[in-house]
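Scroll down for the structure; my scribbles are underneath it.
Taken together, the values in this text are just the output of simple stated rules run on the coordinates, not laboratory data. Only a predicted model underlies this, so the values are computations on that prediction, with no experimental measurement involved. In this analysis, Cβ positions are derived from the backbone assuming ideal geometry, glycine residues included, and neighbour counts consider all displayed protein chains.
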Amino acid sequence: MENKKTWHDKHKETSGFGERLADSVATGMGSWRFIIIQTIIVIIWMMANVVGFIYHWDIYPYILLNLVFSTQAAYAAPIIMMAQNRQNERDRAQANADYETNCEAKKEIEELLKKLNSIEIDKLDKILMLLQKMDAIKK
């Protein structure tokens, strides 16, 4: 049996390290796990700074935390956009593969229709021939 690669396998093989990394980061950042972990870290950060008895490294209004989030957003946005561009490429590749499959299926269906038509014509020809023989016998 021939081992054919799907369009997805071919597309995955052609992606470079940066593209795979962008996909992984976007997948991770777009998950509930990431949101929950980040929320827990923020709560711990704020509680540690509010309750801290000796040293508050980031007192209210949490400027360092805002800086961390700004930096994260500055890098996250382009990475997510790269992943979206890759998703568009995958969608295009899938659409092209679907189109090619549909074209092949159309050709096969047309060939089957021709074959069925020729069978039907052969049957009609045989019926006509039998009718002519019956007419010839009656005369």
In nm, the gap between the two label points placed 7 Å beyond Cα toward Cβ at Asn96 and Leu131 is 5.4 nm
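Only helices at least 20 Å long along their own axis, judged from Cα atoms, and with Kyte-Doolittle mean hydropathy of 0.5 or greater: name those in the chain from DSSP H. Walk me through the numbers on the way to the answer.
Working: long enough: 32-51 (28 Å, 1.93); 63-138 (108 Å, -0.31).
What comes out of the filter, once short or polar helices are dropped, is 32-51.
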Tell me which lysines have Cα within less than 18 Å of Lys133's Cα, excluding those fewer than 8 residues away on the same chain? Lys123
Just want to confirm a number: the relative contact order over region 15-112, from Cα pairs under 8 angstrom separated by 6+ residues, in percent. 36 percent
Projecting each Cα onto the charge dipole of region 43-139 (Lys/Arg +1, Asp/Glu -1 at the beta carbon, about the Cα centre), which of Asn66, His56, Leu128 comes out farthest on the positive side? Leu128
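About the Cα centre of region 6-139, how large is the charge dipole given +1 on each Lys and Arg Cβ and -1 on each Asp and Glu Cβ? Please answer in debye to the nearest 20.
Working: 16 positive and 17 negative charges, 117 e Å.
So the magnitude is around 560 debye.
Can you compute the helix-only [θ] at 222 nm over the chain? Use -39500 (n - 2.57) per DSSP H run of at least 4 residues, normalise by all residues, nearest 500 deg cm²/dmol. List each step's numbers first, then the result.
On the way: 4 runs with 117 residues, N = 139.
Value at 222 nm, helices only, nearest 500: -30500 deg cm²/dmol.
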